[in-house]
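Asks: One structure, pasted below without further comment.
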Amino acid sequence: KEKARESDRLKSAFLANMSHEIRTPLNAIVGFSNLLLTTENEQEKQEFVNIIETNNQLLLQLIGDVLDLAKVESNTLDFIYKAVDLNDLIRTIDSTERLRLPPGVVLNFMLGATDCVVHTEPNRLSQVLINLISNARKFTKSGSIVFGYELRGDKIYFFVKDTGMGISPEGQSRLFQRFVKLNDFMPGNGLGLSICKGIVEKMNGRILVDSQLGIGTTFMVELPCSVTPIDA
């Protein structure tokens, strides 16, 4: 009986959050689309188009995150393991994410071995790392973001470290819960880290966070992997 009540409460909270999160970008899209029809000023038109496009992306991201979360929790998310060159994967992520950096922030990567081929799920691993880098990018106004991996015995530790605003101890305790946003003034829907946690746990790993307010945050993902390192 108690489980049924808790399930009903969580469902209600989920629907309330979803309706709010969907309505926010949708209102912007509808509102500025109407304004676009009435203005003759070309500069205003371009501004409205940019706002509409930004909110389109937010809405698509939200829907994608909800679908991923549902797949993680229902055990229907595809995990296709194969041999992966970690160094190539890290460099590919770096070349993509470097284009999205705000002014005043640099992105660097660190490789744990000269050559390293592992048996893992490349798409889900990339999804987790890109999500963590995206998170770091939102909360880092100046300084650096560093990501990469380290080999420790039969495990691999992936990390994303930033020099951003940091997270309070109370915030860290709620960080991986669904729809938790520690800063309401920042973009996002509070699902990304929950999805990361679900994916990492499905890969038999764990995700950790270490942060200090005003200094920065480090996320670490520990995964068991069959590793074939070739050091110089």
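The values are calculated or read from the model by the stated rules, or taken from the named source; none is laboratory data. All values reported here derive from a predicted model rather than from experimental measurement. Backbone-built Cβ (ideal geometry, glycine too); neighbour counts: all protein chains shown. Calculation scope for accessible area: heavy atoms of the full protein, side chains included, ligands and nucleic acids excluded. Shrake-Rupley method; radii C 1.70, N 1.55, O 1.52, S 1.80 Å.
Asks: Please work out if ILE29 is modelled with pLDDT of 85 or more, hydrophobic (A, V, I, L, M, F, W, C) and either within 30 Å of GLU222 (Cβ to Cβ) or in contact with a strand residue (DSSP E or B) (Cβ under 7 Å, 6 or more places away or on another chain) (or both). First the steps, then the outcome.
Replies: Numbers: modelled with pLDDT of 85 or more: yes; hydrophobic (A, V, I, L, M, F, W, C): yes; either within 30 Å of GLU222 (Cβ to Cβ) or in contact with a strand residue (DSSP E or B) (Cβ under 7 Å, 6 or more places away or on another chain) (or both): no.
Answer is no for this residue.
Asks: Would you please name the residue that is modelled with the highest pLDDT, looking only at residues in the range 63-90 that are surrounded by fewer than 19 Cβ atoms within 10 Å (Cβ to Cβ), closer than 30 Å to HIS20 by Cα and of a type outside the set (A, V, I, L, M)?
Replies: ASP78
Asks: Can you find, within the range 28-62, the residue that is farthest from the chain's Cα centre (by Cα) among those that are touching a residue at least 40 places away in the same chain (Cβ under 8 Å) and open to solvent by 60 Å² or more (accessible area, probe 1.4 Å)?
Replies: LEU58
Asks: Still on this model: Restricting the search to the range 96-121, which residues are in contact with a Phe, Trp or Tyr (Cβ under 9 Å, 6 or more places away or on another chain) and either in a helix (DSSP H, G or I) or exposed (fewer than 14 other Cβ atoms within 10 Å of the Cβ) (or both)?
Replies: GLU97, ASN108, MET110, HIS119
Asks: Quick one: which residue in ILE130, ILE145, ILE215 is touching an Asp or Glu at 6+ places or on another chain (Cβ under 6 Å) and either at pLDDT 90 or above or closer than 22 Å to THR96 by Cβ (or both)?
Replies: It is ILE145.
Asks: ASP210 - would you say it is surrounded by fewer than 19 Cβ atoms within 10 Å (Cβ to Cβ) and among the charged types (D, E, K, R)? Spell out how you get there, then give the answer.
Replies: Details: surrounded by fewer than 19 Cβ atoms within 10 Å (Cβ to Cβ): yes; among the charged types (D, E, K, R): yes.
Considered against the rule, which asks whether it is surrounded by fewer than 19 Cβ atoms within 10 Å (Cβ to Cβ) and among the charged types (D, E, K, R), ASP210 comes out as yes.
Asks: Of all the residues that make up the range 75-87, how many are part of a helix (DSSP H, G or I) and over 20 Å from the mean Cα position of the chain (by Cα)?
Replies: Adding up the residues that qualify gives 1.
Asks: Another question about this same structure. Considering only residues that are part of a loop (DSSP other than H, G, I, E, B), of a type in the set (Gly, Ala, Ser) and either at pLDDT 65 or above or surrounded by fewer than 16 Cβ atoms within 10 Å (Cβ to Cβ) (or both), which ones fall in the range 180-202?
Replies: GLY190
Asks: Would you say ILE93 is touching a residue at least 40 places away in the same chain (Cβ under 8 Å) and either in contact with a strand residue (DSSP E or B) (Cβ under 8 Å, 6 or more places away or on another chain) or open to solvent by less than 70 Å² (accessible area, probe 1.4 Å) (or both)?
Replies: Here the answer is yes, as ILE93 does meet what is asked.
Asks: A further question follows. Please find, within the range 131-159, the residue that is surrounded by the fewest Cβ atoms within 10 Å (Cβ to Cβ) out of those that are among the β-branched types (Val, Ile, Thr) and more than 15 Å from ASN87 (Cα to Cα).
Replies: Looking at residues that are among the β-branched types (Val, Ile, Thr) and more than 15 Å from ASN87 (Cα to Cα), I get THR140.
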